[in-house]
Amino acid sequence: MTRFAILLGGTLTVTLRLRQQLSGARIIAADSGIIHATALGVTPELWVGDFDSTGLELAGQYAHIPRQTHTTEKDTTDGGLAIAAALTRGARELVLVGGFGGQADHTLGHFGQMLQLAHTGLSSFITSGNEEAHPVLPGFTEIDVPEHSRISLIPFTSLVGLDLSGVKWPLVKRNVPLGSTLTLSNVAHGPVRISLQKGYAIAITYPSIAHV
């Protein structure tokens with residue numbers, strides 16, 4: 001599987017788990033997301049965006065990175081452009097690094113992008129190092145998180161026939177209406193298994209991993 005990491009401009013905590021998730025991944029930076037390259041010890045193969053949030057210092061520091069420059073009057077975000085660039089390079093799995101923090105509209109937009117990618121059969125998740133988000137569609141989903149990690153399932157529609165196992169409070173064939181908080185703040189016993197008949201959601205996890 002061809003894994004790409006997209007460096008976004010949100011918050012980031014570098015953990016051992018994050019380093020493992022990025023092992024072997026090809027890297028594309030979206031505008032100010034380039035700030036995470038040094039902390040992660042990676043060199044992006046491409047730097048994408050309109051560069052409206054990139055100062056002269058960053059531009060000079062990463063002048064050696066090939067750029068794909070876009071006008072500020074575009075119909076997608078810099079992150080969306082970076083994802084599109086990864087897909088043209090054959091990405092089958094995407095790690096959206098630094099996708100939390102900052103502007104809530106961008107974070108929610110990333111959630112929508114993950115769900116859309118999942119509909120096309122592509123794997124993706126968002127990470128800030130100590131917080132992750134995974135798309136959940138009808139069918140079976142397994143999320144590999146360490147034991148004792150907190151996990152919440154946020155319905156983006158009403159959920160029909162939800163099975164949730166590998167957690168402290170399992171569910172069997174439950175219908176969860178949109179807006180319900182039933183599936184918030186569970187605790188993982190290890191890998192979490194989700195089966196869903198109808199609807200879609202975002203699973204947000206907080207891996208119990210120390211900083212490195």
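The values are calculated or read from the model by the stated rules, or taken from the named source; none is laboratory data. Bear in mind that the values here come from a model prediction, so they are computed numbers and not experimental data. Every residue, glycine among them, receives a Cβ derived from its backbone with ideal geometry; neighbour counts consider all protein chains shown. For the accessible areas, the whole protein counts, side chains as well, though only heavy atoms, and no ligand, DNA or RNA atoms are used. Shrake-Rupley method; radii C 1.70, N 1.55, O 1.52, S 1.80 Å.
Taking the range 151-180 as the range and being in contact with a Lys or Arg (Cβ under 8 Å, 6 or more places away or on another chain) and either open to solvent by 100 Å² or more (accessible area, probe 1.4 Å) or over 20 Å from Leu115 (Cα atoms) (or both) as the test, the residues that pass are Ser165, Gly166. Note on the range 53-74: residues that are at pLDDT 75 or above and not in a helix (DSSP H, G or I) total 10. Every listed requirement among (1) exposed (fewer than 15 other Cβ atoms within 10 Å of the Cβ); (2) more than 21 Å from Thr107 (Cβ to Cβ); (3) touching a Leu at 6+ places or on another chain (Cβ under 9 Å); (4) not basic (Lys, Arg) is met by His148 save one, (3). Restricting Phe140, Phe125 to those that are open to solvent by 60 Å² or more (accessible area, probe 1.4 Å), aromatic (Phe, Trp, Tyr), in a strand (DSSP E or B) and touching a strand residue (DSSP E or B) at 6+ places or on another chain (Cβ under 8 Å) reduces the list to Phe140. With respect to the conditions (1) at pLDDT below 95; (2) open to solvent by less than 40 Å² (accessible area, probe 1.4 Å), Gly199 falls short on a single one, namely (1). Restricting Ala29, Ala86, Ala82 to residues that are part of a strand (DSSP E or B), small (Gly, Ala, Ser) and open to solvent by less than 10 Å² (accessible area, probe 1.4 Å) narrows the list to Ala29. The residue pairs whose first member lies in the range 162-184 and is in a strand (DSSP E or B), whose second member is among the basic types (Lys, Arg), and whose beta carbons are closer than 6 Å, counting only pairs six or more residues apart or on different chains, are Leu162/Arg174; Ser165/Arg193; Gly166/Arg193. Within the range 186-196, which residues are free of Cβ contacts under 8 Å to residues at least 40 places away in the same chain and open to solvent by 60 Å² or more (accessible area, probe 1.4 Å)? Selection gives nothing.
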